[in-house]
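The values are calculated or read from the model by the stated rules, or taken from the named source; none is laboratory data. The shown structure was predicted, so the numbers you read here are calculated from the model rather than taken from an experiment. When we count neighbours, we look across all protein chains shown, and the Cβ atoms used for this are built from the backbone with ideal geometry, even at glycine.
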Amino acid sequence: MLALKFPFINKQCKIAIISLMNRVYSPLIEFEFKYWFKIKDIIVKDQRPVNLNLFTIRFPIPAIVSILHRISGIIVFLALPLLLWLFDRSLASEESFQDTLALLSNPAVKVVLWLIISSLIFHFVAGIRHLIMDLGWGEDLCAARASSYLVFISFIVLSVLVGIWLW
Amino acid sequence: MVTSATGLTGRGLRDWVFQRISAILLAAYFVFFIGYLVMHPGLQYQQWKELFDTTWVRLFSFVVLLSLLIHSWIGLWTVLTDYVKKVWVRMYLLSLIVLLLIGYVVWCLQILWGV
């Protein structure tokens, strides 16, 4: 009879419920209903599946912009020594300036530099979106989504332009 | 009021304002720097050197450098506070970052004003 009443829970749960009910509520069948929710809460809470796997959660687009803003910021921070070193070499002397130019004409260096500048561009564009939102514009969901797409579009366009400029 | 010893200013709102001001300066410098390079293809050393010998460019660069220190400090503090749960690991990383940033400022002073 219980199996018919609770077809949606597993066997162990049913056994637990039946033994609990037999012990406490078997004389009064209406109690079954009254306490069902309590028992269900106790049992079900422990068995809820935990879905915190970041690879199975579909992120809304503003969330992706947000996390990429962080990642691109970290990339730029990590690239600082390289950029400062290039800046230093380019200003130190005529000779080192020419060396820097020669180094920058190396395709592998160009790829690295392009990745760094692209990260910087993403951080820049997403940062502008941030500042505009701080002014109170485009804070509703629809506008936030639209501006997120705009960030991606301008990022791609600017990165391609920088790539063309570098090569 | 909640204070934080490891954020740059110890106050969330002040950190927030500093982060925005430094962001605007950094963005302006980025546009200036890239814009200059794009507008001067085939740049020569003399021209490049002269640009950074100009007082306002040096000052602008230095102010932006300080902004970079502020901006990275606050930004990385935010990220570390969110993801690194062990206090001592966070302190260690943040100290390392701040020391690095101060090192960059000194380095850049040397680049700009020479030794």
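A few notes on this one:
- Any hit, the stretch A:130-150, residues being in contact with a Leu (Cβ under 8 Å, 6 or more places away or on another chain), within 14 Å of chain B (Cβ to nearest Cβ) and small (Gly, Ala, Ser): no
- Residues in the stretch A:82-135 that are closer than 26 Å to B:Gln47 by Cα and among the hydroxyl-bearing types (Ser, Thr, Tyr): A:Ser90, A:Ser93, A:Ser96, A:Thr100, A:Ser105.
- Residue selected from the stretch A:70-82 under the condition in contact with a Leu (Cβ under 9 Å, 6 or more places away or on another chain) and more than 8 Å from chain B (Cβ to nearest Cβ), by the criterion nearest to A:His130 (Cα to Cα): A:Ser72
- Verdict on B:Met1 being modelled with pLDDT of 90 or more and more than 9 Å from chain A (Cβ to nearest Cβ): no
- Some residue of the stretch B:22-44 being closer than 15 Å to A:Phe124 by Cβ, free of Cβ contacts under 8 Å to residues at least 24 places away in the same chain and among the aromatic types (Phe, Trp, Tyr): yes
- Within the stretch A:128-147, the presence of at least one residue that is on the phi > 0 side of the Ramachandran plot and in contact with a Lys or Arg (Cβ under 9 Å, 6 or more places away or on another chain) is confirmed.
- Some residue of the stretch A:54-69 being more than 10 Å from chain B (Cβ to nearest Cβ), surrounded by 15 or more Cβ atoms within 10 Å (Cβ to Cβ), among the aliphatic types (A, V, I, L, M) and under 21 Å from B:Tyr29 (Cβ atoms): no
- Applying the criterion of at least 3 residues that are crowded, with 16+ Cβ neighbours inside 10 Å and under 18 Å from the mean Cα position of the chain (by Cα) to the helices (runs of 4 or more DSSP H) found wholly in the stretch B:1-100 leaves B:12-39, B:55-83.
- Selection from the stretch B:45-84 of residues that are touching a residue at least 24 places away in the same chain (Cβ under 8 Å) and either among the small types (Gly, Ala, Ser) or at the interface with chain A (Cβ under 9 Å from one of its Cβ atoms) (or both): B:Phe52, B:Ser61, B:Ser67, B:Leu68, B:His71, B:Ser72, B:Gly75
- The listed residue being more than 12 Å from chain B (Cβ to nearest Cβ), surrounded by 15 or more Cβ atoms within 10 Å (Cβ to Cβ), of a type outside the set (Gly, Ala, Ser) and free of Cβ contacts under 8 Å to residues at least 40 places away in the same chain, out of A:Phe87, A:Phe97, A:Phe155, A:Phe124: A:Phe155
- Taking every residue in the stretch B:88-115 that is more than 11 Å from chain A (Cβ to nearest Cβ) and at positive phi and pairing it with any residue that is exposed (fewer than 11 other Cβ atoms within 10 Å of the Cβ) and in a helix (DSSP H, G or I), at least 6 positions away or on another chain, yields no pair with a Cβ-Cβ distance below 7 Å.
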